[in-house]
Amino acid sequence: MKHNISMKVNGQNYDVSVEPRKTLLAVLRDQLHLTGTKEGCSTGDCGACTVIMDGDTYTSCLVLGVEADGREITTVEGIASEGKLHPVQEAFVKFGGLQCGFCTAGLIVSSASLLDENPNPSDDEIQTALAGNLCRCTGYTKITEAVKDASRVMKRKAGKKKVAK
């Protein structure tokens, strides 16, 4: 028996009918066709499926779709805005924080969430925030450098907005 749920994903409202056993990951990919969120391990260990739900990061393979009813979700597709890449996305490209790209979506979502909460994280804070995201290609040095660069860019942009007001 399917359940009707409503949720806001990347700023857009959706009403969907979901089977109780379907994960949020499956709903996002199969019903909403938001395929940026990847399925890696299906056990919550790799972080490839990380999304932001109501301001906190979750591995969407461990969340049932019905649990998303009434919630606000941001996937990797919603990190960019107004047709421009988010500073985290730009920094991942600039510093080579991606290779095969499979883990990249989860790392970008986790990094953007970290910088929203802590605009000036230390290396240890970055590593702690990204501990749930596994990458087998790049190593984490380039990823940490990318997050630190994105932090600097975001602070500069925030300073310019304050001056413009």
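Data overview
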read-out	value
Radius 14 Å from Cβ of residue 116, net charge of other residues (Lys, Arg +1; Asp, Glu -1)	-3
Inter-part distance where region 59-88 and region 113-147 are each reduced to a Cα centre, Å	18 Å
At most 15 other Cβ within 10 Å, DSSP loop - trypsin sites (Lys or Arg not before Pro), region 1-84	2, 21
Total charge dipole magnitude, the chain, about the Cα centre, Cβ charges on Lys, Arg, Asp, Glu only, Debye to nearest 20	740 debye
Cleavage-rule hits (GluC sites (Glu not before Pro)) in region 61-147: DSSP loop, at most 11 neighbouring Cβ within 10 angstrom	82
Test item: Cα-centred dipole of region 87-160, Lys/Arg +1 and Asp/Glu -1 on Cβ, debye	340 debye
Label corresponding to semi-axes √(5λ) of the Cα gyration tensor in Å when calculated from the structure given, among (1) 28, 19, 12; (2) 39, 21, 13; (3) 25, 19, 15	(1)
DSSP beta bridges in the chain [antiparallel fraction, %, rounded to 5]	90 percent
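Taken together, the values in this text are just the output of simple stated rules run on the coordinates, not laboratory data. Fair warning: this is a prediction, and the values are worked out from it, not measured in the lab. Positions of Cβ are backbone-derived with ideal geometry, glycine not excepted, and every protein chain shown enters the neighbour counts.
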